[in-house]
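Here the structure is laid out as structure tokens; the discussion comes afterwards.
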Amino acid sequence: MILNFQHNQSAHCENGVTSNLLKYYGINLSEPMVFGIGAGIFFSHMPFIKLNGMPVTSFRPLPGMIFKRVTRRLGLTIERVKFSNPEMAMSELDKVLLSGTPVGMLVGVFNLSYFPDAYRFHFNAHNLVAFGKENNQYHISDPVMESIEFLNSEDLKRVRYAKGTYPPKGRMYYIKDVPKNINIEKAIYAGIKNASKDMLTIPLPMFGVKGIDYLANKMQNWENKLGERKASHYLGQVIRMMEEIGTGGAGFRFIYAAFLQESADIINKPELKQLSSEMTQIGDKWREFSVNAARNCKGRGDKVTYTELSQMLKNIAKSERTIFTQLKQIIK
Amino acid sequence: MKKDNVPQDEGFLGGKTRDVCYALDENGNYVQVLSVGWEPKNAALEQALNLVNEQIEDAREKVLKGQASPIFYFMEKNLMDLKILSQYTGISKWKIKRHFKPAKFIKLKDNVYKKYADTFNISVDELTNFTKHQKL
């Protein structure tokens, strides 16, 4: 049984799954629109949480938030379940699929056979959709892949029960009911409000625009504190978080710019076009930071000082503070 | 970023897929552009992979010198840590630590070898006859 499901590639897996599932129910929202309504733009730097022994820097909210927020803001009814028993997780999946519903799932990428090898580490917050099953092969729409993929039930079970940090535990989710009238304008307002609030007002130094300044201040001392080699690894991790599969470039800043551009017409606020192009410039600044930081990762001559890199981040923080303050004003 | 400036620097995607980037077309509208990679992020990923490979190589040497058991090597090779290995095998962390000791490792029961070998996706022989499969 194979559902008539359209696979569209996207930059980020959760955006892609959400957008593709919505399209199946006739709600035509692009990846940037899903991302913006779900307030996917964020920043946090948490030196006390380590990944591969290095501090975590993130450009997005917690996994699962985008799907949750978008479906809530559009008034959809969804189901999210996880299972302690893998067999039950697989039979439930089949049951829901058979009822004609495409199913989103949280999986680990380490054992995901079709994934590029260099990206197969123990990361457990990847999303994909199963939309059919034939001869024990599941038809998989993985938003970061260019085409449709296939997994047999053993392989699918393995990735649904990956181990490590935040194990997916067979988590699956799907849309149960779609209301007749959907108010996209309202959802856009809610998304922008949510994003500017998260970027500007969380009263802790690690989050939002403040988090960028916080990282800048820490970064200034990395080389003195950690030595050249370790400091460059810390930088490498920041670049990977910002640019790796899924961010659409510059830590989601370009996707957000695309969202502002598309929203300008929908909610009839031409000012958003202007802010979109400012957001593009901010994205370019993040990319310039990556170019410079990467010079230190290569361990050759022409290095940039950590003070210069830190200064670049402070400039970015300043621009982001301005833009989110303006966004907050516009949608008031 | 403009559409024409989306970098195409061959990286680590191995031809399996390409990255979606968002960039501006000639009319200033955002569009999706596929990219095979970008030099700065290739550099960052290469750096991370080199670090991992160094750790794997260190582990291999330790095993060959008799300072650690093959379990330690295969844990590193599968990018696992004690916690992940413990979750996959169902063997407690402190027991695994003891199994890292070569003297303890050779005395393990067959079903324990099997558990580790299955987790690492290798045969029991590859686990227990390490030197046969690994060159100096």
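Side notes on the structure shown:
- Extension gain (nm, one decimal) between residue A:152 and residue A:291, 0.36 nm per residue minus Cα-Cα: 46.0 nm
- Global dimensions of the range A:75-211 from alpha-carbon coordinates: Rg and Dmax equal 17.8, 53 Å.
- Relative intensity of the range B:63-133 on a log10 scale, I(q)/I(0) at q = 0.17, 0.22, 0.27 Å⁻¹, equals -0.52, -0.94, -1.53, per a Debye sum over C-alpha point scatterers of equal strength in the absence of solvent.
- Cα-based Rg / Dmax (Å) for the range A:184-252: 15.8, 51
- Rounded to whole Hz, the Karplus (6.51, -1.76, 1.60) HN-Hα couplings of the range A:71-84, x for glycine and proline: 5, 5, 5, 8, x, 7, 9, 10, 10, 10, 9, 10, 10, 7
- Between the alpha-carbon centres of the range A:226-299 and the range A:1-75 there is a gap of 17 Å.
- Shown for the range A:101-181 is the translational diffusion coefficient from the Stokes-Einstein equation, using the Kirkwood radius over Cα pairs, a temperature of 10 °C and a viscosity of 1.306 mPa s: 120 µm²/s.
- For residue A:103, the residues 5 or more places off, or on other chains, whose built amide H falls under 5 Å of its own are A:130.
- Taking amide H atoms as placed 1.01 Å from N in the peptide plane, the amide H of residue A:169 lies under 5 Å from those of A:162, each 5 or more residues away in sequence or on another chain.
- The distance between label points at residue B:16 and residue A:318 comes to 4.3 nm (points 7 Å beyond Cα on the Cα→Cβ vector).
- Taking the protein heavy atoms of chain A in the context of the full set of protein chains, the accessible area attributed to carbon and sulfur is 51 percent at 1.4 Å.
- Mean residue ellipticity (222 nm) of chain A, computed from DSSP H runs ≥ 4 via -39,500 (n - 2.57), nearest 500: -16500 deg cm²/dmol
- Projected label distance in nm at residue B:114 and residue A:271, using a 7 Å step from Cα toward the beta-carbon: 7.0
- Rounded to 5, percent antiparallel among DSSP beta bridges of the protein assembly as shown: 95
- Interface residues, the range B:31-67 - accessible area loss of 50 Å² or more versus chain alone, probe 1.4 Å: B:38, B:40, B:41, B:44, B:45, B:47, B:51
- Shielding value for B:7-18 is 4, the average number of Cβ atoms from other chains within 10 Å of each residue's Cβ.
- Around the Cα centre of chain B, unit charges on the Cβ atoms of Lys, Arg, Asp and Glu (plus for the first two, minus for the last two) sum to a dipole of about 1360 debye.
- Other protein chain Cβ atoms within 10 Å, averaged over every residue that makes up A:251-260: 3
- In Å, descending, principal axis extents of the Cα set of the range A:1-94: 47, 35, 25
- Of the solvent-accessible surface of chain B, computed with a 1.4 Å probe over protein heavy atoms with every protein chain present, carbon and sulfur atoms account for 49 percent.
- For the pair B and A, total buried accessible area rounded to nearest 100 Å², probe 1.4 Å: 3600
- Solvent-accessible area per residue, Å², over the range A:184-330 with all protein chains present [probe radius 1.4 Å]: 41
- Kirkwood-Stokes translational diffusion coefficient of the range A:184-330, alpha-carbon pairs, 10 °C, 1.306 mPa s, µm²/s: 98
- Pair residue B:95, residue B:29: separation of 7 Å Cα→Cβ label points (nm): 6.2
- Phi to ³J(HN,Hα) by Karplus 6.51 cos²θ - 1.76 cosθ + 1.60 over the range A:264-270, Hz, x for Gly, Pro: 3, 6, 5, 9, 6, 10, x
- At least 10 Å² of accessible area lost relative to the chain alone, listed for the range A:267-292 with a 1.4 Å probe: A:280, A:284, A:287, A:290, A:291
- Rolled with a 1.4 Å probe across the full set of protein chains, the surface gives residue A:95 an accessible area near 130 Å².
- Couplings for the range A:286-293, taken from phi via the Karplus curve 6.51 cos²θ - 1.76 cosθ + 1.60 with θ = phi - 60°, read 4, 5, 4, 4, 4, 4, 6, 4 Hz in order; Gly and Pro are left as x.
- Residue by residue along A:26-36, Cβ atoms of other protein chains within 10 Å of the local Cβ number 1 on average.
- Expressed in units of 2.2 N^0.38 Å, where N is the residue count, the Cα radius of gyration of the range A:286-328 is 1.43.
- Charge dipole (Cα centre; +1 on Lys/Arg Cβ, -1 on Asp/Glu Cβ; no other charges) of chain A amounts to roughly 1080 debye.
- Restricting the range A:179-281 to trypsin sites (Lys or Arg not before Pro) that sit in a DSSP loop and have at most 11 other Cβ atoms within 10 Å of their own Cβ leaves A:180.
- Three principal axis extents describe the C-alpha atoms of chain B; from largest down they are 71, 31, 23 Å.
- Lys/Arg +1, Asp/Glu -1 at C-beta; chain A dipole; positive extreme among A:3, A:203, A:317: A:203
- Across chain A, Cα-Cα distances exceeding 35 Å account for 25% of all pairs.
- Across the options B:80, A:261, B:53, the greatest Cα extent toward the positive end of the charge dipole of the protein assembly as shown (unit charges at beta carbon of Lys, Arg, Asp, Glu) belongs to B:80.
- Placing a label point 7 Å from the Cα of residue B:67 along the Cα-to-Cβ direction, the residues of the range B:107-132 whose backbone N falls under 18 Å of that point are B:131.
The values are calculated or read from the model by the stated rules, or taken from the named source; none is laboratory data. Fair warning: this is a prediction, and the values are worked out from it, not measured in the lab. Every residue, glycine among them, receives a Cβ derived from its backbone with ideal geometry; neighbour counts consider all protein chains shown. Heads up: the accessible areas ignore ligands, DNA and RNA and are worked out on the full protein's heavy atoms, side chains in. Shrake-Rupley method; radii C 1.70, N 1.55, O 1.52, S 1.80 Å.
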